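> To start, I am sharing the structure in question, which I have written as structure tokens.
The values are calculated or read from the model by the stated rules, or taken from the named source; none is laboratory data. Computed from a predicted model, the values in this text were never measured in an experiment. When we count neighbours, we look across all protein chains shown, and the Cβ atoms used for this are built from the backbone with ideal geometry, even at glycine.
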Amino acid sequence: MNVKVIDHPLIQHKLSIMRNVNTGTKDFRELLEEISMLMAFEITRDLPLQEVEIKTPVTKCTCKMLAGKKLGIIPVLRAGLGMTNGFLKLIPNAKVGHIGLYRDPETLMPVEYYSKLPSDIAERDFIIIDPMLATGNSLIASIDILKNNGAQSIKLLCLVAAPEGIKLINEAHPDVDIYVASVDEKLNDHGYIVPGLGDAGDRLFGTK
Ligand code: URA
């Protein structure tokens, strides 16, 4: 399966604080931003470099700078917003698209209510960000939306994932690599990740 667990000690430590039911909104939000920055570091490890001539105050030299396609990040509303700033701190020139989905109460399947994507989709590599990979349905729908609009290269960055959701995404989109900080035990009957960290959107925005 195309899953990479980013098990850096700083990420694991911060994630454990986020899981704690007693961690409040301010700390939760700050920790998610910090972890997103650390994960952005790892998910961009394979970005291609090119050699460029630079004149330092001392001499001329050949140095390395980023080459290749530009990046686009796609936070899935609303919890994905909590990962956006951390990401942009490292890659300030990334374009940011948004995808909003709600769950149809009858079919329980995701329905798109909003999407605004960068105009130069085919020229960018995309990273979809969403803290919780639970059933996988909304992330599959997000990948579908991006691909239908011409995206060629997509990665997925989540904080916590359920094995059930990873399996579904791998089956639907085997070309999409998934980066997570933790693969948890399972989904419960309400679609929450166990042990998880509860509702990421509510904890991020203090809406519960
Ligand atoms: N969404 C969340 O915010 N938490 C879960 O556990 C599952 C989906």
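> Is there any pair linking a residue in segment 172-191 that is farther than 22 Å from Ser36 by Cα and assigned to a strand (DSSP E or B) to one that is within 16 Å of the ligand (Cβ to nearest atom) and of a type in the set (Val, Ile, Thr), with Cβ under 8 Å and at least six apart or on different chains, and which?
Cβ pairs passing all conditions: Lys186/Ile193; Lys186/Val194; Leu187/Thr135; Leu187/Ile193; Leu187/Val194.
> Would you mind finding the one in Glu164, Glu106 that is without any contact (Cβ under 8 Å) to a residue 60 or more places away in the chain and outside any loop (DSSP other than H, G, I, E, B)?
Selected residue: Glu164, the only one of Glu164, Glu106 that is without any contact (Cβ under 8 Å) to a residue 60 or more places away in the chain and outside any loop (DSSP other than H, G, I, E, B).
> How many residues are within 14 Å of the chain's Cα centre (by Cα) and either assigned to a loop (DSSP other than H, G, I, E, B) or closer than 26 Å to Arg203 by Cα (or both) when one looks only at segment 53-71?
Residues meeting the conditions: 0.
> Give Arg103, Arg203 a once-over and let me know the one that is surrounded by fewer than 20 Cβ atoms within 10 Å (Cβ to Cβ), within 16 Å of the ligand (Cβ to nearest atom) and basic (Lys, Arg).
Going through Arg103, Arg203 in turn, the sole match is Arg103.
> Given the structure, is Gly136 surrounded by 18 or more Cβ atoms within 10 Å (Cβ to Cβ), over 14 Å from Ile99 (Cβ atoms), touching a strand residue (DSSP E or B) at 6+ places or on another chain (Cβ under 6 Å) and without any contact (Cβ under 8 Å) to a residue 60 or more places away in the chain?
It is false that Gly136 is surrounded by 18 or more Cβ atoms within 10 Å (Cβ to Cβ), over 14 Å from Ile99 (Cβ atoms), touching a strand residue (DSSP E or B) at 6+ places or on another chain (Cβ under 6 Å) and without any contact (Cβ under 8 Å) to a residue 60 or more places away in the chain.
> Also, I was wondering about something else. Inspect segment 130-152 for any residue being away from the ligand (no atom under 13 Å from the Cβ), at pLDDT 95 or above, within 15 Å of the chain's Cα centre (by Cα) and part of a strand (DSSP E or B) and give the result as yes or no.
no
> Sticking with this structure for a sec: Select from segment 1-31 the residues that are over 26 Å from Glu164 (Cα atoms) and in a loop (DSSP other than H, G, I, E, B) and list them in ascending order.
The answer is Asn22, Thr23, Gly24.
> Restricting attention to segment 55-70, and to residues there that are modelled with pLDDT of 95 or more and surrounded by 10 or more Cβ atoms within 10 Å (Cβ to Cβ), which single residue is nearest to Glu112 (Cα to Cα)?
Only one residue fits best here, namely Lys64.
> On the basis of being closer than 21 Å to Asp46 by Cβ and in contact with a Leu (Cβ under 6 Å, 6 or more places away or on another chain), does Ile128 make the cut?
Considered against the rule, which asks whether it is closer than 21 Å to Asp46 by Cβ and in contact with a Leu (Cβ under 6 Å, 6 or more places away or on another chain), Ile128 comes out as yes.
> Kindly indicate which of Val160, Val183 is crowded, with 21+ Cβ neighbours inside 10 Å, farther than 17 Å from His98 by Cβ and within 16 Å of the ligand (Cβ to nearest atom).
The unique qualifying residue is Val160.
> Checking the condition among the aliphatic types (A, V, I, L, M), surrounded by 18 or more Cβ atoms within 10 Å (Cβ to Cβ) and in contact with an Asp or Glu (Cβ under 7 Å, 6 or more places away or on another chain), which residue from Val76, Val111 passes?
Val76
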